[in-house]
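Everything on this sheet refers to the single structure shown next.
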Amino acid sequence: MSSPRKPWTVQWHVGADGTVIRQRSKGDQPHQQLYGRYTTSRRLGIAELDALDDRLARDKKVIGGFVRGLVVLTAAAFACFVVGVVLGWLGVDAARYLVAPGLIVLVGAMICAGGGHGLMMSRWHRAWGEAGFESPNPVTMSAREAHEIVGAPGAVSGRRTRVERA
């Protein structure tokens, strides 16, 4: 029996100098805290950062539904293909009516998976860019440095949000 996994939380911080930091936490201990500094093209507020998180969460749900549908379609096409091959080995003439469509749908699903991935990455990068980020990739920073920025007068912090993966 495995122990229950602690959920991740994320929280945005904006330093008095405009430094944007995202804190990812798996607990309250220092070794359970991760900090990333982002490069931005303009000064951002906490409301804009929380709105970015909301937009990314909505996009994740849409893409998740697309992926689940694609997995179901792929599983059905694969089952159709396998049944057709087995029936073909058994000498059933109707097997070709299962093999060809199954194979066509499998190839189509692979093409859709590639296109879906490209669409997802495009939307993700666009969301970060429109929110004022030069890059969606943070630079990891030490907890000491992050605490100095976050604890300084004029720094503001956003809401803590539970996430599946940080």
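Please treat every number below as a calculation from the coordinates, not as lab data. From a predicted model like this one, the values you see are computed outputs, not experimental measurements. Note that each Cβ is placed from the backbone with ideal geometry, even for glycine, and that neighbours are counted across all protein chains shown.
Data table
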| item | result |
| --- | --- |
| Under-5 Å amide H pairs with Ala155, H placed in peptide plane, nonlocal only | Ala16 |
| Residue order, fewest to most surrounding Cβ atoms within 10 angstrom, among Thr140, Thr74 | Thr140, Thr74 |
| Under 13 Å from the Cα of Lys26 - aspartates and glutamates, other chains or at least 8 residues apart | Glu164 |
| The chain: mean projected area of Cα convex hull, nm² | 13.6 nm² |
| Linear extension gain, Arg160 paired with Gln32, 0.36 nm per residue minus alpha-carbon span | 44.6 nm |
| Sequence-distant residues sharing a close amide H with Thr40 (under 5 Å, placed H) | Glu134 |
| Range in the chain, longest, excluding exposed trypsin sites (Lys or Arg not before Pro) [loop by DSSP; at most 15 other beta-carbon atoms within 10 Å] | 44-158 |
| Stretchable slack from Val107 to Arg42, in nm (0.36 nm times residue separation minus alpha-carbon distance) | 19.0 nm |
| Cβ-based charge dipole, the stretch 45-131, positive-most Cα from Cys80, Gly129, Gly115 | Cys80 |
| Likely footprinting exposure, Met141, Met110, fewest C-beta neighbours within 10 Å first | Met110, Met141 |
| Residue-by-residue Karplus 3J(HN,Hα) for the stretch 84-95, coefficients 6.51, -1.76, 1.60, Hz, glycine and proline x | x, 5, 4, 5, x, 5, 7, x, 7, 5, 6, 4 |
| Computed helical MRE - 222 nm, the chain, DSSP H runs ≥ 4 contributing -39500 (n - 2.57), nearest 500 | -19000 deg cm²/dmol |
| Residue-by-residue Karplus 3J(HN,Hα) for the stretch 103-112, coefficients 6.51, -1.76, 1.60, Hz, glycine and proline x | 5, 4, 5, 4, 5, x, 5, 5, 5, 5 |
